[in-house]
Amino acid sequence: MTASSSTIAVNELDEVVSSGRCIGCGMCSIPLSFAEATSKVDLVWSKDEETWVPTIASSDAASLEQRVCPGAKVDMKALSQDVFGEQPEDGFVGVTKSIQAGYATDETVRKFAASGGVTTALLQHWLNEDIIDFAYCTAGLDPHNGKGQIARYSDDLRNSAGSHYHPVNFGAALEELAESNERFAFVGLPCEVSAMRSVMAYRDDIAQRCVAIIGLFCGGINRYSGIGHYLSNFGVEAENVEEIDYRDGVWPGQIALKQKNSSEIQRIPRIRGNSRWNILRYMVSFQGYWMLPRCRICPDQISDFADLAVGDPHLTRFKEKESAGYSAVIARTDTGEQLLQNAVADGIICSEQLSRDELVASQGYTLENRRHADVTRNMARRLGIVAPELKLYDDVKGARSWHQHVYAFVDLYKIKIRKWTFLRPFYVPIQIGEYLFLTFSPRLIASRTKKLLKNK
Ligand SMILES: Cc1cc2nc3c(=O)[nH]c(=O)nc-3n(C[C@H](O)[C@H](O)[C@H](O)COP(=O)(O)OP(=O)(O)OC[C@H]3O[C@@H](n4cnc5c(N)ncnc54)[C@H](O)[C@@H]3O)c2cc1C
Ligand code: SF4
Ligand code: SF4
């Protein structure tokens, strides 16, 4: 991988933040040359951006030293060449060895996990079998204090399971990871995984110690104030929340939260079991105005560069089972495939086949929009939003539909007007308009109007 394809100078990091491209991943805290590192990059909370952003020690602020930054650049072609030595035959799903749906056979793990608990079960198994010394993953249910951790014990993994849809200080322990000499597994979002691959292209010492990378599927990170906007419908003040679990109970789960000075667990529906109007409120709050801008201009939803990519198989056949959950698992490398097969043979994971088309269907229109991220990037430029540099796979460059341009405009415009607070009373009516009319299909408009009237 060439330096220019994945890195920027330390003195450019500030501009990534001020232009709204920072995702707070903290990958810029890892020096790319162990011997020649001169800069110190830490992550601090930005009240304005509502995420974690890099801060550079003042004496280093003008440094030209290079760091990896997925907020600024993503080169899917170069990454594919680097990780797999080839371009994917099917650019829609990336390079795959196998596609499955599975769950942790340990019922406790499956229950507290986000999906089927495959991620936690694998990490636990690798620690038990002395395949890794630690896992790099997130920690904590506190919405104000989630962070990356070096996990060595079952309790650390218990504390890590679940999905955090708000910004976490992912980079909190990355320097420690980079400085250690132990074997590890890395769990991250697609942008963090691609950045880790880029780091490993420069840091052979880290690449040698990395046993496996588990990448999550990712629809985007939402600012916590957006989540607060949803919670306020249920009489909950976001600042008062001490613990939040977005994936409690029957898969795909509801929100379970604990407020300060209370031991009571309050449960709030997300999609399942929710009324139609509340689902629209959920969409407004979680998938609209408060999303980090860079997440709207992202080419990777299904962790193309992980050894194992893990997400939710959002398909009727799994929903109907009303179970503790399933994880969709894509093995992308020989390492990933072997580790997965071993875990199945050892009785840690139970799995069944998932077809390529089921995988695509399970991610709805988001995957299609991501693969055509050039549409969103070009629309962003027209709207005056600074976009990351993107290089997409050749075979998904074909024709773009009119719908993709409309979605790109609507999604980006919502982010652009987030601070116009006088518009907030109109968010739900706007969402209803979008729900009914964005597809311009008369049959869909009729069936959705019926659902709205019945509130189902
Ligand atoms: C922000 C976000 C958006 C997502 N969007 C989608 C989507 O659109 N479609 C889809 O199918 N799946 C999505 N997922 C993935 C899904 O929610 C589950 O994380 C995934 O299926 C793994 O489930 P599991 O039961 O195997 O994981 P678990 O066993 O519960 O383990 C979860 C792992 O995820 C890590 N993790 C949790 N939150 C974060 C975070 N914010 N940043 C980095 N690591 C984190 C934890 O450290 C832990 O190791 C998203 C996850 C996140 C965090
Ligand atoms: S996107 Fe990540 S790597 Fe880039 S500046 Fe922000 S925290 Fe650093
Ligand atoms: S949507 Fe893309 S940029 Fe945003 S967190 Fe997910 S992978 Fe990263």
For region 19-32, give me each residue that is within 14 Å of ALA9 (Cβ to Cβ) and in a loop (DSSP other than H, G, I, E, B). PRO31, LEU32
Filter region 213-259 for residues that are polar (S, T, N, Q), more than 22 Å from LEU412 (Cβ to Cβ) and outside any loop (DSSP other than H, G, I, E, B) and give the result. SER232, ASN240, GLN254, GLN259
Identify all residues within region 113-150 that are small (Gly, Ala, Ser) and away from ligand 2 (no atom under 16 Å from the Cβ); write none if there are none. ALA113, ALA114, SER115, GLY116, GLY117, ALA121, ALA135, ALA139, GLY140
Go through region 77-118 and report how many residues are in contact with a Leu (Cβ under 7 Å, 6 or more places away or on another chain) and buried (at least 24 other Cβ atoms within 10 Å of the Cβ). 1
Taking region 283-327 as the search range and keeping residues that are assigned to a loop (DSSP other than H, G, I, E, B) and free of Cβ contacts under 8 Å to residues at least 40 places away in the same chain, which one is nearest to THR108 (Cα to Cα)? LYS321
In region 33-52, what count of residues is obtained for those that are more than 16 Å from ligand 1 (Cβ to nearest atom) and either more than 24 Å from the chain's Cα centre (by Cα) or in a strand (DSSP E or B) (or both)? 12
Of residues in region 192-218 being of a type in the set (D, E, K, R) and in contact with a strand residue (DSSP E or B) (Cβ under 9 Å, 6 or more places away or on another chain), the one nearest to ligand 2 (Cβ to nearest atom): GLU192
Test set (1) within 14 Å of ligand 2 (Cβ to nearest atom); (2) within 25 Å of ASN240 (Cα to Cα) - LEU189 fails condition number: (2)
Within region 51-74, track down each residue that is touching a helix residue (DSSP H, G or I) at 6+ places or on another chain (Cβ under 7 Å) and more than 14 Å from ligand 3 (Cβ to nearest atom). VAL53, PRO54, ILE56, ASP60, ALA61, ALA62, SER63, LEU64, GLU65, GLN66, ARG67
Top-ranked residue in region 379-398 [being closer than 20 Å to LEU438 by Cα and away from ligand 3 (no atom under 15 Å from the Cβ); ranked as surrounded by the fewest Cβ atoms within 10 Å (Cβ to Cβ)]: LEU383
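Okay, residues lined up against (1) modelled with pLDDT under 95; (2) surrounded by fewer than 24 Cβ atoms within 10 Å (Cβ to Cβ):
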residue: ARG281; (1), (2): yes, yes
residue: MET291; (1), (2): no, yes
residue: PHE305; (1), (2): no, no
residue: ALA309; (1), (2): no, no
residue: PRO313; (1), (2): no, no
residue: LYS319; (1), (2): yes, yes
residue: GLU322; (1), (2): yes, yes
Picking from LEU292, LEU231, which residue would you name as being farther than 30 Å from ILE132 by Cα, within 16 Å of ligand 2 (Cβ to nearest atom) and either of a type outside the set (Val, Ile, Thr) or touching a Phe, Trp or Tyr at 6+ places or on another chain (Cβ under 7 Å) (or both)? LEU292
Within region 212-222, is there a residue that is away from ligand 3 (no atom under 16 Å from the Cβ), assigned by TED's automatic domain parsing to the domain that holds ARG110 and under 24 Å from the mean Cα position of the chain (by Cα)? yes
Residue count, region 175-192 (criterion: within 25 Å of GLY117 (Cβ to Cβ), in a helix (DSSP H, G or I) and more than 9 Å from ligand 1 (Cβ to nearest atom)): 3
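The values are calculated or read from the model by the stated rules, or taken from the named source; none is laboratory data. Just so we're clear, the structure is a prediction, and the values are computed from it rather than from any experiment. Cβ sites come from the backbone with ideal geometry, for glycine too, and all protein chains shown count toward neighbours.
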